[in-house]
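Colleague: Can you keep this structure in mind? I'll have questions shortly.
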C-alpha cells in the first residue's frame, strides 16, 4: 500500500508539472512497483491518469489556460479510437505489448528531449487563434491517433498532444499544457470504459494510488506554469529512458511476469 501511495504521488506530480508524460510511467509503476498483472495495470492506470489529469486541469482552468473548443474536438476524436485500441490490446500477447510500450516510451523520451520552442504552424492565424477550416481534419486525425494509443497501451498521450497543440494549432505552451490535461482526461475515460468489462480492479490499491496522484497533481499544477519547462522535460525524458530499459530487461528475463 505504501508503494501505491508513493508511486501515485509521483505520477500526479509529473502530470501536474508537464501536462502529460507522467502517465507513461503509470503502467510500469503498477506493473513492477505494485505488482499488478498487465491486464489489470492498464485499466487502473487509465482511471488514475484520467482523474489526476482532471484534477491538475483545475488550477489551469482558474487561470484560463485551457482551449476548450480544441480540447473537445481533439479529445472527442479519440473516444472511438480508444475503443479500437483496447480491442487490439486484448488480441495481442502481453510480451508483445510490453515491447511495443518500450518503443513508445523511447519515442516519447526523444520527443521530450527536443527543445524546439517554435509556435505556430499552418493552423495558427496571424492574430492568434486557430484556422479551423484548414486544420479541423488534422486535429481530428491527431486526436484519433492519440486515442488509439491510449486504448492500446493505457497512456494519456500528453507527450504527443502538447507538441501537436503548439506546433500544429499554434497554442502558447501554457495553454497547450492545460488543454492537454483535458484531452488526456477524455481519452483516459474512453480507454477505461473500453477495458472495464475485460478485467477486475483492486479497489484498495486503485483508490490509494488515485488519491495520491490527485494530491500530487493539484500541488504541482499550482506551480507548473511558473517553471521553465525545458529542463524539466529533459530530466523527465532521461527518467523515461531508464524505465524503458528496465521494462525491456524484465520482459526478456521473465516474459511471463506481465500476465
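Nothing in this text is a laboratory measurement; each read-out follows from the coordinates by a stated rule. What you see is a predicted model; the values in this text were computed from it and never measured. Here the Cβ is made from the backbone with ideal geometry for all residues, glycine too, and neighbour counts use every protein chain on show.
Colleague: How long is the gain from residue 173 to residue 103 if the chain were fully straight, where each residue apart is worth 0.36 nm and the alpha carbon distance is subtracted? Working shown, then result.
Modeller: Numbers: separation 70, 0.36 × 70 = 25.20 nm, distance 2.59 nm.
Extending this stretch completely gives an extra 22.6 nm.
Colleague: By average Cβ neighbour count within 10 Å, what is the ranking of 154-161, 97-104, 54-61 from highest down?
Modeller: Numbers: 154-161: 29.2, 97-104: 18.9, 54-61: 22.5.
Top to bottom by mean Cβ count within 10 Å: 154-161, 54-61, 97-104.
Colleague: Any idea how far apart residue 110 and residue 5 come out in nm if each label point goes 7 Å out from Cα toward Cβ?
Modeller: That separation, rounded to one decimal, is 4.0 nm.
Colleague: Hey, any idea what Rg/Rh is for the stretch 42-88, computing Rh the Kirkwood way over Cα pairs?
Modeller: Values: Rg = 12.8 Å, Rh = 12.2 Å.
The Rg/Rh ratio comes out at 1.05.
Colleague: Next question. What order, most packed first, do the peptides 89-96, 1-8, 173-180, 184-191 have when packing is the mean number of other Cβ atoms within 10 Å of each residue? Provide the component values of the computation, followed by the final result.
Modeller: Working: 89-96: 13.5, 1-8: 18.0, 173-180: 25.8, 184-191: 28.9.
Peptide ranking by packing, descending: 184-191, 173-180, 1-8, 89-96.
Colleague: Testing the spin-label approximation: label points 7 Å from Cα along Cα→Cβ at residue 193 and residue 207. State their distance in nm.
Modeller: Those two pseudo-labels are separated by 2.4 nm.
Colleague: Moving on. Between residue 200 and residue 250, what's the calculated FRET efficiency when r is the beta-carbon distance and R0 is 25 Å? Round to 0.05.
Modeller: On the way: r = 24 Å, r/R0 = 0.96.
Step by step, r from the Cβ atoms, then E = 0.55.
Colleague: Still on this model: What does the convex hull of the alpha-carbon atoms of the stretch 1-93 project to on average, in nm²?
Modeller: Details: hull surface 26.5 nm².
Mean projected area for the stretch 1-93: 6.6 nm², to one decimal.
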